[in-house]
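Inspection log for the structure reproduced underneath, given as structure tokens.
The values are calculated or read from the model by the stated rules, or taken from the named source; none is laboratory data. Because the structure is a prediction, the values reported are computed rather than measured. Here Cβ is always computed from backbone atoms with ideal geometry, including for glycine, and neighbour counts include all displayed protein chains. Just the protein is used for accessible areas: all its heavy atoms, side chains included, with ligands, DNA and RNA removed. Shrake-Rupley method; radii C 1.70, N 1.55, O 1.52, S 1.80 Å.
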Amino acid sequence: MSRARADEEEYWHSSKFRAFTFDDEDDELSQLKESKRAVNSLRDIVDDDDDDLERVSWSGEPVGSISWSIKETASGSTSSLEGRDSSLQKGSSSYAAFPKQVSSYSLSSLFKGRNKLPSFQSLTDALTDTGVKNYAPELRRPKAEYKDYTSDWSPKDTVRRMQRGKVCSLERFRSLQDKLVLLDEAVAGHDGNVITAVLIFLKRTLRREILFRELEVRQVALCHLIHFLKETGEQKFLLDLLRFLDRTEEVALSQYREHLNIQDVEKRREFLKGCIGLPFSAEDTSHIQDHYTLLERQIIIEANDRHLEMAGQSEIFRKYPRKASILNMPLVTTLFYSCFYHYTEAEGTFSSPTNLKKTFKIPDKQYVLTALAARAKLRAWNDVDALLTTKNWLGYTKKKAPIGFHRVVEILQRNNAPVQVLQEYVRLVEDVENRLNLATKYKCHDVVIETYRDLKDRIQLTAYKCKVERGSADEEKINSILNN
């Protein structure tokens with residue numbers, strides 16, 4: 001009985017854990033160092049180029065081991081982190097080393113399931129780093145997207161994708177047959193941008209003779225290419241294409257268009273002189289001849305007028321200085337200039353308006369309209385009257401306006417003509433309603449009163465009496481008509 005009691009006492013007072021003594025510290029430290037050497041030896045086997053010192057947690061287990069990862073994952077709370085920081089302040093034989101900055105890919109990093117740190121870490125980060133990096137699953141791209149890069153689309157599919165604005169490589173179409181099929185598909189799609197893009201590709205990859213021959217039977221694509229060359233200014237390529245198609249008139253017009261790029265007046269005149277012999281149509285040939293003659297006249301007029309203006313010998317140039325040069329101006333502008341500065345000159349001079357009218361066959365309507373605007377701007381009312389006065393074969397004179405007297409009135413009023421001059425031409429407007437409207441608008445009272453008198457419209461005449469000034473001659477005239 002006593003034996004059993006003694007065994008029981010020994011059982012309860014015995015323990016497999018030893019009490020703490022300072023003598024045991026060396027044993028635990030030696031075990032810890034041995035564990036550290038084992039882990040380092042494992043790292044040497046797995047990753048030879050990893051020179052980082054092994055990090056050891058305060059529990060004595062190497063950082064990155066399986067058991068350490070499980071414990072660290074489970075104890076990720078703030079209290080555990082604070083406990084580690086406090087233990088760090090107290091001091092311990094374990095430590096964390098700063099890793100060197102080496103290649104971010106190594107066998108050890110893949111073995112541990114983490115990337116090596118690209119730069120130096122703080123001590124707290126080195127201690128709290130779990131060594132595990134979570135990767136989001138990479139979603140695979142749709143298979144259809146890879147075709148943009150593999151370029152395995154057919155010509156029809158390529159055109160459809162280009163119409164939708166997708167980027168497609170045309171370099172895979174290398175044979176002539178494939179390129180022509182691609183062009184035909186683009187034309188069939190009726191998309192001008194796609195057709196132009198394919199034509200640019202063919203222009204870059206085909207010889208001119210082959211491209212011209214194939215485009216000759218594809219008129220839609222040919223028109224697109226000709227328009228594209230005109231817009232981009234590729235004159236040489238365009239001329240070669242038109243010559244191949246035997247379009248001589250278009251070749252001549254394209255060459256004539258080059259004069260727009262010539263700034264020097266003398267060089268432009270010589271260029272236009274050379275264009276006269278090009279194979280134009282009969283109508284175009286006369287236009288080219290007129291252009292050359294006009295520029296030649298402008299050069300002569302400009303030189304003479306510049307001399308007169310600088311010398312101060314002409315009153316009109318002193319009173320109305322020139323605002324711009326006459327060179328390269330249109331024919332109508334040249335005629336206006338001539339009517340403004342050289343209206344009274346004899347027909348034999350190059351700057352005479354009548355000389356310009358005969359030389360360039362200017363119609364009467366255009367001539368009267370231009371001359372009327374020029375002389376009205378100078379307020380030369382006598383010249384306006386002479387311009388609109390004609391004589392018949394019996395010697396009788398009458399007013400005649402090819403542009404209509406209603407337009408004459410508008411031009412004169414725009415140039416601030418006096419009422420007496422306006423009334424003279426308002427009376428000549430044939431349409432009664434139009435005449436009354438113009439007379440009322442421009443306050444030509446005599447014309448309104450005379451028109452209502454001729455119409456014997458007493459009511460309108462009485463109503464118009466309220467619109468004139470009281471006691472004026474116009475009111476007396478209305479009263480006289482009403483009383484008679």
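Among residues of segment 354-377 that are in contact (Cβ under 8 Å) with a residue 24 or more places away in the chain, those with a Cβ under 6 angstrom from a residue that is of a type in the set (S, T, Y), sequence gap 6+ or separate chain, pair up as L356/S338.
Within the set R213, R208, the sole residue that is at pLDDT 90 or above, of a type outside the set (F, W, Y), open to solvent by 80 Å² or more (accessible area, probe 1.4 Å) and touching an Asp or Glu at 6+ places or on another chain (Cβ under 7 Å) turns out to be R208. Restricting attention to segment 221-236, which residues are part of a helix (DSSP H, G or I) and surrounded by fewer than 14 Cβ atoms within 10 Å (Cβ to Cβ)? Within segment 221-236, C223, H227, K230, E231, T232, K236 qualify. Looking at T334, is it in a loop (DSSP other than H, G, I, E, B) and not basic (K, R)? So T334 does not fit the description; no. All conditions in (1) in contact (Cβ under 8 Å) with a residue 60 or more places away in the chain; (2) surrounded by fewer than 14 Cβ atoms within 10 Å (Cβ to Cβ); (3) among the basic types (K, R) hold for K319, with the sole exception of (1). If you check A221, A252 for being under 29 Å from the mean Cα position of the chain (by Cα) and touching a residue at least 24 places away in the same chain (Cβ under 8 Å), only one passes: A221. Scanning segment 414-449 for residues that are in a helix (DSSP H, G or I), open to solvent by less than 60 Å² (accessible area, probe 1.4 Å) and among the hydrophobic types (A, V, I, L, M, F, W, C) turns up V421, L422, V426, V432, L436, L438, A439, V447, V448, I449. Scanning segment 450-480 for residues that are part of a loop (DSSP other than H, G, I, E, B) and farther than 26 Å from A417 by Cα, we see that the one that is farthest from the chain's Cα centre (by Cα) is K456.
Looking only at segment 161-219, how many residues end up being under 18 Å from L241 (Cβ atoms), of a type in the set (K, R) and either in a helix (DSSP H, G or I) or not assigned by the TED database to the domain that holds D240 (or both)? Qualifying residue count for the region: 5. Within segment 432-454, residues that are closer than 16 Å to E410 by Cα reach partners that are of a type in the set (S, T, Y) and assigned to a helix (DSSP H, G or I) with beta carbons closer than 6 Å, at six or more positions or on different chains, in the pairs L436/T451.
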